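In what follows, a structure is listed as structure tokens, so that the remarks can point back to it.
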Ligand code: GLA
């Protein structure tokens, strides 16, 4: 959908002549470092060119009106700035409402409402952080409409707070950080404990990053995700009986090998093993990429998938079918699931010349085994959430 069409849509839906301001927040992929963020470890995500557009205009009264081009049947969702508590009936609009509430609780002096129209081109539930994208685009637009001076990191932290406390997913900070701080053609190595990060240029030479969507509905993802988080916390408690550590990722590989027997439940032991080895792998992968050693980087991606499949157990048939087929295909440097798992998307680094045949083969294998088709996206690596300039709109 073209941006100027979105403007007409805004005027049509909200029936007023105010010209809205435009904002965009990307989605993200994670190259490596999965389920490490809430364990105080490292992640290596990048923002992508698919994301969420928001068009907004301030109102004189205290009304808020939300509309999504993606959910036209939900119509305009309305409430006032005093009615921001989570409301099941408000469906998707709980994300922007939650963000506004978090900002107001954080002392943002907001006394007027606004009209906002959203349009997202990342599929919902695909594991590409559509929710963090909505949270951050909302934060950026509120900051701009009301001339607030929230730092980017404040918005990122508030976005995570919305996810944890308002929506109820005990997620880490990776998604909000990646969509908030993305940089064109760069991935970022983030230490989720200190929040220090470094950009790494993505020189993939004659390769592309392909995103493959399982198109599996992720109905149980929240409870599965929170369950994994809880399992990690229990493993941490067991290790804390012998080690002075705050997070699972404070444990070195040697310490883990020596003390893993302290983790009572064998399933929790496997979860901890994934987290601790994945954290080490992520740092190594970053170094490999800096040395332009793509083959080695791809190896780490593959190992990450093995570990998520066998020890963390969040892949499932759909993601495994895609990734296993990708590993067999010529010109593939590496492939793995990305994001939380339980469906969602995989990523593969594929030689440009092989992209077409890759899509054809993976699609055939997947449809034959799973019964419906996957989707493919070829995103570019993009900047973080921002206001769009007039030139970008025309
Ligand atoms: C989801 C969460 C993130 C992170 C990933 C797994 O995307 O929102 O915080 O835990 O899963 O790495």
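When only residues in the stretch 340-383 that are within 16 Å of the ligand (Cβ to nearest atom) and assigned to a loop (DSSP other than H, G, I, E, B) count, which is nearest to residue 319 (Cα to Cα)? Steps first, please.
Let us first name the residues in the stretch 340-383 that are within 16 Å of the ligand (Cβ to nearest atom), namely 340-347.
Next, only the ones that are assigned to a loop (DSSP other than H, G, I, E, B) stay: 340-344.
Details: 340: 11, 341: 8, 342: 8, 343: 6, 344: 8 Å.
Selected residue: 343.
How do the pairs read when you match residues in the stretch 38-53 that are closer than 13 Å to residue 190 by Cα with residues anywhere that are away from the ligand (no atom under 14 Å from the Cβ) and modelled with pLDDT under 95, using Cβ under 7 Å and keeping only pairs 6 or more apart or on different chains?
Note: pairs meeting the criteria are 46/202.
If you go through the stretch 361-368 one residue at a time, do you hit one that is under 22 Å from the mean Cα position of the chain (by Cα) and either closer than 24 Å to residue 47 by Cα or touching a residue at least 60 places away in the same chain (Cβ under 8 Å) (or both)? Walk me through how you get there before you give the answer.
In the first step, residues of the stretch 361-368 are kept if they are under 22 Å from the mean Cα position of the chain (by Cα); the result is none.
For the stretch 361-368, residues under 22 Å from the mean Cα position of the chain (by Cα) and either closer than 24 Å to residue 47 by Cα or touching a residue at least 60 places away in the same chain (Cβ under 8 Å) (or both): absent.
Hey, can you tell me all the residues within the stretch 21-39 that are touching a strand residue (DSSP E or B) at 6+ places or on another chain (Cβ under 9 Å) and within 12 Å of the ligand (Cβ to nearest atom)?
Once the filter is applied, which keeps residues that are touching a strand residue (DSSP E or B) at 6+ places or on another chain (Cβ under 9 Å) and within 12 Å of the ligand (Cβ to nearest atom), the stretch 21-39 yields 27, 28, 29, 30, 31, 32, 33, 34, 36, 37.
Could you check residue 16 against (1) at negative phi; (2) surrounded by 14 or more Cβ atoms within 10 Å (Cβ to Cβ); (3) part of a loop (DSSP other than H, G, I, E, B); (4) touching a residue at least 60 places away in the same chain (Cβ under 8 Å) and say which number it fails?
Residue 16 satisfies every listed condition except (2).
Quick check: anything in the stretch 42-60 out of contact with any strand residue (DSSP E or B) (no Cβ under 7 Å at 6 or more places or on another chain), within 16 Å of the ligand (Cβ to nearest atom), in a loop (DSSP other than H, G, I, E, B) and more than 17 Å from residue 179 (Cβ to Cβ)?
Checking the stretch 42-60: not a single residue is out of contact with any strand residue (DSSP E or B) (no Cβ under 7 Å at 6 or more places or on another chain), within 16 Å of the ligand (Cβ to nearest atom), in a loop (DSSP other than H, G, I, E, B) and more than 17 Å from residue 179 (Cβ to Cβ).
Please specify each residue of the stretch 266-296 satisfying the condition of being without any contact (Cβ under 8 Å) to a residue 60 or more places away in the chain and in contact with a strand residue (DSSP E or B) (Cβ under 8 Å, 6 or more places away or on another chain).
295, the sole residue that qualifies.
For the condition within 18 Å of the chain's Cα centre (by Cα), more than 27 Å from residue 315 (Cα to Cα) and more than 16 Å from the ligand (Cβ to nearest atom), what is the one hit in 140, 116?
140
Say we look at the stretch 163-196 and pick out the residues that are in contact with a helix residue (DSSP H, G or I) (Cβ under 7 Å, 6 or more places away or on another chain) and assigned to a strand (DSSP E or B); which of these is nearest to the ligand (Cβ to nearest atom)?
190
Any idea which of (1) within 17 Å of residue 225 (Cα to Cα); (2) modelled with pLDDT of 95 or more is the one residue 145 doesn't satisfy?
Exception for residue 145: condition (1).
Kindly establish whether residue 161 is surrounded by fewer than 23 Cβ atoms within 10 Å (Cβ to Cβ) and farther than 30 Å from residue 34 by Cβ.
In short, no.
The values are calculated or read from the model by the stated rules, or taken from the named source; none is laboratory data. The model shown is predicted, which means the values in this text are computed figures rather than measured ones. Cβ: placed from backbone, ideal geometry, glycine included. Neighbour counts: every protein chain shown.
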